[in-house]
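Notes to accompany the following structure.
The values are calculated or read from the model by the stated rules, or taken from the named source; none is laboratory data. Quantities reported herein were computed from a predicted structural model and do not represent experimental measurements. Methodologically, a virtual Cβ is constructed for each residue, glycine included, from the backbone with ideal geometry; neighbour enumeration extends over all protein chains shown. Keep in mind that these areas ignore ligands, DNA and RNA; they rest on the heavy atoms of the full protein, side chains included. Shrake-Rupley method; radii C 1.70, N 1.55, O 1.52, S 1.80 Å.
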Amino acid sequence: MITAPISVPEREHYLNASYGLKSWLLTKDHKRIALLYLATITFFFFLGGLFAVMIRLELLTPEGDMVQSETYNKLFTMHGVNMVFFFLLPAIPAVLGNFLVPLMIGARDLAFPKLNLASWYIFTIGGLFTLYALLSGGVDTGWTFYTPYSTTYSNSFVIATAVGIFIAGFSSILTGLNFIVTIHRMRAPGLTWFRLPLFIWSHYAASLIMVLGTPVIAVTILLLAAERAFHIGIFDPALGGDPVLFQHLFWFYSHPAVYIMILPAMAVISELVAASARKRVYGYEFVAYASVAIAVFGFLVWGHHMFVSGQSVYAGLVFSVLSYLVAVPSAVKVFNWTATLHKGSIALETPMLYTFGFIGLFTIGGMTGLFLAALGLDVHVHDTYFVVAHFHYVMVGGTIMAYLGGLHYWWPKMTGRMYPEILAKLAALTVFIGFNLTFFPQFILGYLGMPRRYHAYPEEFQVLNVMSTAGASVLAVGYLLPMCYFIWSLRYGKVAADNPWGAVGLEWQTLSPPPVENFDEIPTVTHEAYDYVSLPNGSVTPKKEAHVR
Amino acid sequence: MSAEAHGAVFHAPRGHQFDTAEQQKDASTLGMWIFLVTEIMFFGGLFCCYLVYRWLYPAAFAAASHHLDVALGGFNTAALICSSLTMVLAVNASQHGKRGALIAFLILTILLGGVFLGVKAVEWHHKFVDHHVPGPSFLFEGPDARQAQLFFSLYFVMTGLHALHMVIGIGLLTVLTVQAKRGKFTPEYNTPVDMCGLYWHFVDLIWIFLFPLLYLIDRHAK
């Protein structure tokens, strides 16, 4: 290996093609916009995390001794709002999806680059509104904004937060629209639908939900704000309005929104499983269709959030059955991933550790979802820590695990640098241990009857709560570590090869980091996705051979 | 294959991400249709609220809808349908490179849209005068005053959001008119006219649903 002489100019790529703040703030390059999103959502992630830390500290002791109940209400609300709307929803689509969708389909950019930049600005403005609400005193309604508390009784900054979420919703709509058009119209020659990586299928399904669901929450939030500002009566029982209608409209979006969060995570896992096992994903077509099935069924199950809200028994029955149905395509995916790993030559690098974490934790999260979809059991554990543990297993154990795994896997492509492997494995292990220590005790707490959203609790729950808080601090370390070594690697990381994992897939056929227009020449696709049989060494560079720059 | 090498062949300003002008137009059209789907879902939430309350309080809604002016509403419906026609003619003119006709039809569409908004403003004004605006000063004769207020809440939210879409549409058409004057559109490149046309028709269509729902249902009852 020759060391490149200093005088040779560095190859031009998307990161060094232009310099200065303006070149970033006015960029139309999907790769740079992905990095803008990465910075923004990382901020919101740690902000949301800060609230989580305060919640866990308060729950260290049975007495409400650190904060008052009003403050506690604001803490869990701001934790939920931050994490759901400003981290989980955009995390994988807006960062990894933005970066990878054009690369994976062999396009020079998304179909609408200006719209893509606009959606980042819209997202950021929405986030600033929410920050404003937070700095002015916060919101205490819970992230669900149930009426009539949110419209009539709450003395906090509901409208500012609602406006922030309303605005951020448009960024989600525009991202989804951009992905759908790009996937339909911008695929490289030869890249048929059934040659697409499963990452694309899942993002397509998630985009459908963004486009179909988000407008409904937008109009719901608008009505909520109008109700609060002008008392127009839509959700006010005093005028014949129906607060449960708000819940219907809210969950019509917010349940499918769960699939906006998990489908892109499944997208990442499909890629990671195939690359680590060096095999085609078992039952490719089924996994592809399962993504679409999840998106479709996802729109038919919202009523399972309202089993105890006074909807009719028959509605409850139907929603319960449909909720069971959504488990089928999810289970298809889990089984097919494990079948892919069967007899694969598995490389246990960091992304794969996160993948194992995802598969296990998502399975627990999904299974406990089935418990909750059962009408009888739901009445018992509704609004307890069982529910909290369930959705954190899906959202944190699922989405964030996949997000971190994907970030490690594509980091060399995004930055041209490798992360430190040993430290990364350590962090993955820390996250896994911390996560389980935080949330597994909450299943037991919930089953024993500890309700959510209270800042004080009976003394017999303390041991499990102390375990949970201890786990949260471990988890915090696990999340801070990657942030530190990722930043470190930008300067000191080993220079990455174009295809460090020896993976197939168009994104690995171009350089690391990719040139501004992604490919020197648009590739023609002749193989199905994950064809490790015909392309045993990946596509371009053999493993562990760094490019001379 | 370089994007710039082919660029000169087309009159269209083409994004670097597209291979051909046709691909660009396809993408824009698909994007616009998807955007309209999101709009349908947006208004769908409102229609859903309307449906629920109409079903819960049919008498109150029928009584309240009698206070809307069918003549003005009908006139507005006609104005909007005419504006859809002029919009189609504008798109057609742009496809045939008739700049004068394009500008004329765009201005006509804007005027008809303006007429609609003017009449709508008059109708809203009547509601203010008659104390039919939801809130502390709301007054309604009859047994269902509370639920009638719900009707007027929906009336203002739905027609208000529709009017907002009209205002945006008129803004877009104004930009198009200026661009058409500068000769931006040719038979090869008229995607923006086409897309604004789709949007304009969509906004009309929303009104075609709003008008019977708010003004006409149960009109014959009394």
Does B:GLN17 fit the bill of being assigned to a helix (DSSP H, G or I), farther than 30 Å from B:PHE152 by Cα, in contact with a helix residue (DSSP H, G or I) (Cβ under 7 Å, 6 or more places away or on another chain) and modelled with pLDDT under 95? no
When you check B:LEU172 against the structure, is it in contact with a Cys (Cβ under 7 Å, 6 or more places away or on another chain), modelled with pLDDT of 90 or more and open to solvent by 20 Å² or more (accessible area, probe 1.4 Å), yes or no? yes
Listed by first then second residue, the pairs whose first member lies in the range A:340-369 and is at positive phi, whose partner is surrounded by 17 or more Cβ atoms within 10 Å (Cβ to Cβ) and not in a helix (DSSP H, G or I), with beta carbons under 9 Å and at least 6 positions apart or on separate chains, are A:LYS343/A:LYS279
Is it the case that some residue within the range A:255-274 is open to solvent by less than 10 Å² (accessible area, probe 1.4 Å), more than 18 Å from the chain's Cα centre (by Cα) and within 14 Å of chain B (Cβ to nearest Cβ)? no
Going by the conditions given, is A:ALA107 among the aliphatic types (A, V, I, L, M), outside any helix (DSSP H, G or I) and open to solvent by less than 10 Å² (accessible area, probe 1.4 Å)? yes
Whether any residue in the range B:125-147 is of a type in the set (Val, Ile, Thr) and either touching a residue at least 24 places away in the same chain (Cβ under 8 Å) or out of contact with any helix residue (DSSP H, G or I) (no Cβ under 8 Å at 6 or more places or on another chain) (or both) is what I want to check. yes
Identify, by number, the condition in (1) surrounded by 16 or more Cβ atoms within 10 Å (Cβ to Cβ); (2) away from chain A (no Cβ under 14 Å); (3) more than 25 Å from B:PHE151 (Cα to Cα); (4) of a type outside the set (Lys, Arg) that B:THR29 doesn't meet. (2)
Got at least one residue in the range A:76-85 being of a type in the set (A, V, I, L, M, F, W, C), surrounded by fewer than 22 Cβ atoms within 10 Å (Cβ to Cβ) and either free of Cβ contacts under 8 Å to residues at least 40 places away in the same chain or within 21 Å of A:PHE170 (Cβ to Cβ) (or both)? yes
Just one of (1) open to solvent by 10 Å² or more (accessible area, probe 1.4 Å); (2) in contact with a Ser or Thr (Cβ under 6 Å, 6 or more places away or on another chain) trips up A:TRP251, so point out which. (2)
If you check A:THR355 against the conditions, is it modelled with pLDDT of 95 or more and buried (at least 20 other Cβ atoms within 10 Å of the Cβ)? yes
Please give the helices (runs of 4 or more DSSP H) falling wholly within the range A:378-480 in which 3 or more residues are small (Gly, Ala, Ser). A:401-415, A:421-448
Note on the range A:276-317: residues under 23 Å from the mean Cα position of the chain (by Cα), open to solvent by 10 Å² or more (accessible area, probe 1.4 Å), more than 30 Å from A:PRO500 (Cα to Cα) and among the hydrophobic types (A, V, I, L, M, F, W, C) are A:VAL292, A:ALA293, A:VAL296, A:PHE297, A:PHE299, A:LEU300, A:TRP302
Go through the range A:230-280 and give me each residue that's in a loop (DSSP other than H, G, I, E, B) and more than 30 Å from A:PHE179 (Cβ to Cβ). A:HIS231, A:ILE232, A:GLY233, A:ILE234, A:PHE235, A:ASP236, A:GLY240, A:GLY241, A:ASP242
Taking the residues in the range A:110-139 that are modelled with pLDDT of 95 or more, open to solvent by less than 40 Å² (accessible area, probe 1.4 Å) and within 19 Å of A:LEU222 (Cα to Cα) as candidates, determine which candidate is farthest from the other protein chains (Cβ to nearest Cβ). A:GLY127
Among the residues in the range A:387-406, are any open to solvent by 10 Å² or more (accessible area, probe 1.4 Å), in contact with a Pro (Cβ under 9 Å, 6 or more places away or on another chain) and not charged (D, E, K, R)? yes
Would you confirm whether any residue within the range A:69-91 is at pLDDT 95 or above, part of a loop (DSSP other than H, G, I, E, B) and not basic (Lys, Arg)? no
Which one is surrounded by the most Cβ atoms within 10 Å (Cβ to Cβ) among residues in the range A:189-204 that are more than 24 Å from the chain's Cα centre (by Cα) and not in a helix (DSSP H, G or I)? A:LEU191
Quick check on my filter: what residues within the range B:47-102 are within 14 Å of chain A (Cβ to nearest Cβ) and either basic (Lys, Arg) or at positive phi (or both)? B:ARG54
Just to verify a result, which residue in the range A:231-241, among those that are more than 19 Å from A:ILE165 (Cβ to Cβ) and either at the interface with another protein chain (Cβ under 7 Å from one of its Cβ atoms) or of a type in the set (Gly, Ala, Ser) (or both), is most open to solvent (accessible area, probe 1.4 Å)? A:HIS231
From the list A:LEU272, A:LEU263, pick out the single residue that is touching a Pro at 6+ places or on another chain (Cβ under 6 Å) and closer than 25 Å to A:PRO93 by Cβ. A:LEU272
Kindly check whether there is at least one residue in the range A:205-227 that is out of contact with any strand residue (DSSP E or B) (no Cβ under 6 Å at 6 or more places or on another chain), within 21 Å of A:PHE519 (Cβ to Cβ), of a type outside the set (Ser, Thr, Tyr) and in a helix (DSSP H, G or I). no
Restrict the check to the range A:169-188 and report whether at least one residue is of a type in the set (A, V, I, L, M), open to solvent by less than 30 Å² (accessible area, probe 1.4 Å), away from chain B (no Cβ under 13 Å) and under 24 Å from the mean Cα position of the chain (by Cα). no
Can you find a residue that is away from every other protein chain (no Cβ under 14 Å), of a type outside the set (Lys, Arg), more than 21 Å from A:ILE400 (Cα to Cα) and open to solvent by 40 Å² or more (accessible area, probe 1.4 Å) anywhere in the range A:206-220? no
